[in-house]
1. Could you look at region 652-742 and say what percent of its accessible area is carbon and sulfur, using a 1.4 Å probe and all protein chains?
2. Ignoring everything but the protein chains, give the 1.4 Å probe accessible area of Lys445 in square angstrom, nearest 10.
3. Counting only protein heavy atoms and using a 1.4 Å probe, what share of the accessible area of region 251-316 belongs to carbon plus sulfur, as a whole percent?
4. Could you sort Ile625, Ile578, Ile532 by accessible area so the largest value comes first, with the probe set to 1.4 Å?
5. Could you work out the local net charge near Asp42, counting Lys and Arg as +1, Asp and Glu as -1, over the other residues with Cβ closer than 11 Å to its Cβ?
6. In square angstrom, what is the accessible area per residue of region 578-676 with a 1.4 angstrom probe?
7. Solvent-accessible area per residue for region 196-302 at a 1.4 Å probe radius, Å²?
8. Could you check how much of the accessible area of region 572-620 is carbon and sulfur, as a whole percent, using a 1.4 Å probe?
Amino acid sequence: MNQNNSIPDISGDDYLKVLVCSANVGNAEPTPTSFSAWVPYDGEINGPLTNTPYPVGQDEINLSVGPYAAANNCNDNSQEGIVKSLGTANEKQKFDIIVLGMQEAAFVNKQKKDKELLDTSIDSISNNVGGDDTTSSSNNNNNNIAALSPPKSKGFKNPLKKGAKKAAKAGMVMRGISANQTYKRDTASMRNITGALTVDVLGYDNNKLNNLIKTTLPSYEMVTSSLRGEMRLFVLAHSTLAEDISEVYVGAENTGIGSIMANKGGIIVTFVLRDMTRFSFMTCHLEAHEGMTHYTNRNKNLAEILGGAKTDPVYNMQDATITSHHMFLCGDLNYRIKFSEYEAKKKKSSRAKKALKMSFRGPAGLKMSVNKGSQGLMKRSVSMESEKDEEAAVEEEVVANKNAMGGEGDSPTKMGGGDEEEAAAGEGGEKKDEPANGSHFDQAKALVKAEDWKALNGGDELAVALKQKECLVGFSTLPCHWPPTFKVARGEGYQYNEKRTPSYTDRILWKSAEGMTNNVIPFLYEPCPDFITSDHKPIRGGFAVKLNKCRPPHNQNLSNSVITQDGKDHPVEQQIQILVSDMKCTNLPIMDNELIGGLSDPYVKFVSSPKELLYSKAWPSSSIITKSLNPVWNENYHLTMDGNGMENGLAEGAMFMLTVVDYDATSGDDVIGTVALNLNELVSELDLSGAGSSDEVQETHISRPILRNGQEYGMLECKLKTAFLAPKEVKSFLSGAKHVKTATKTSWKSKMQAFTGLAIS
């Protein structure tokens, strides 16, 4: 542990304490005890932080760079140092924001459902009972009940119980199609689209969860709650902070069957705190099952959710990962644990399957096989015994591989309540005729028993996906130094289902805007084993987030002035000037149909946050480069930041974005992706007080991946020159540049002229 680094004082108002909780509820009603084991009473930090058996260590909190190595009131960066820095050792400090993300969080009043189903079944049977005796209806009913409820014996499966489950699941399927319910504090309005379901069916679980939240967190106000099929997202703020929250937006996207069913998908909430810091929180439930196909689909699911759940109408070209200063993502991501030996078995079995495909049978059961030897001739084998031995060996490899994959292969995701991987299962939760998970399960179980968290994390699919940038580019997550949270028996502790590989399916990640990556300090990350009503163990994470402030407002320099007709000297406020040069993109994706060339027609929009800095009826943009995946712009583009967007100084969260767009003459233009830059870093060497010299110019060379929906789409390079000048000084600033254009809105005429190559008057 590096004792030279230390933790800053994160107990004050400069840091926001955020608790992110994620749970796959398993379509079962949580008990109050289970809920309190997941969500700390009244948001207290001290209990979870001091009692956790899995403290966040030095390796997780990278204290080697950023503000953590700077000023502090604490010289210890251990877990005790975090406790001291938070001030929880002497006082009961609370989380400021609490986020509850839930999946499979739809359930009904089970007792009522079972009773209604039982009454209906009894009436139905009673109406069809033969005989002339109609005077003893009571006795008949009693006999029918006895017939429906045979003596309990080992292995007996009650058909009514199974029917009740199916009825409940059917209701959840309907709700997955139609239910969408959102409450936002700032509008105090509830939008409820119930479809074909009654309010009673939708209301039971809503009321139960709301009551649990209200009872557990009495000092908090609901910022927003959103229901999307079986997914829920609650965002709560401590009552002392609630009034500081504004611009609350909610978006959601389904990724279930046909991208209609809401058994899979995600919800995103975005809000601004104290007019300075934009937060986004996302909960999601991704495709299940083991295997490469499902792994790939999980990566696609994340991009679909981010692309479909836009939360800010001002920045509809960018997703929340771009526009947020800090974004947290949680949910049942369904990424599994795979080991290298397991991968070797898959490859070996693949070769065996190819051998089977290359063989066929001749007459009398003789085997005909392709011989790739001399002259490619067909060779007959007459050894029936050796044929059987070969078949047995191949089949053994295939079965062994199937066992290693939990018998799932690349089967499609099933739909319904409870665990989605068991939607087709019978009573008892086991898929019929499915083999045990074999050595792969045993290997994971042995590592859990040995508490070899490093080896388990080494096989984590999500860690691989992040490292290879196959999803959520720029996001971070802590390693899971605790037992896998899936798939467990409903009860205390960790009793794993042998039909599934124990995996870290439930996760929390975060991403910060450029220049703010060191503003998030994770101090808690743990599972909740005492949550007993689900086949997943929920998790929770605690974070301290440094809030944005403003650089002091710049003064007006009296030497920069204009003389009006009245002969008086009037000061002119200086503005940030930006010159974009040497701009080019490489390896852009193909956006156009092959019939029209199969390339792209890119141009760049220059976007700012706050909006007022650059927006005037439209965002300024570059010229269009037609039919190119590696465009180069020969012009230099001049931008002036409007001082009205800096009335109170330049916010630490101010952003300058270059969004690459594909022009389409026949439909709307398509966004390729965005490079988001921290505006403060682009002017960090300039004196914004107005007292600096007009010769002050800062140059920054940019080479960044173009991002959209958490994935990379090529690279953008350019050179940026920035200065803080009065209008009369701008000419000198631009004098050394050639082919300078003032970036303005790309007009319809200029678009058509670029596309056709013809002058349009």
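1. Working: 1750 of 3830 Å².
Taking all protein chains in place, region 652-742 shows 46 percent carbon and sulfur surface.
2. Result for Lys445: roughly 90 Å² accessible.
3. Working: 930 of 1750 Å².
Using a 1.4 Å probe with all protein chains present, region 251-316 comes out at 53 percent carbon and sulfur.
4. Details: Ile625 40, Ile578 0, Ile532 60 Å².
Putting Ile625, Ile578, Ile532 in descending order of accessible area: Ile532, Ile625, Ile578.
5. Neighbourhood net charge equals +1.
6. Details: 3760 Å² over 99 residues.
Per residue, region 578-676 has 38 Å² of solvent-accessible surface.
7. 32
8. Working: 1000 of 2090 Å².
Carbon and sulfur atoms account for 48 percent of the accessible area of region 572-620.
The values are calculated or read from the model by the stated rules, or taken from the named source; none is laboratory data. Everything quoted here is computed from the prediction, not taken from an experiment. Every residue, glycine among them, receives a Cβ derived from its backbone with ideal geometry; neighbour counts consider all protein chains shown. For accessibility, only protein heavy atoms count, side chains too; no ligands or nucleic acids. Shrake-Rupley method; radii C 1.70, N 1.55, O 1.52, S 1.80 Å.
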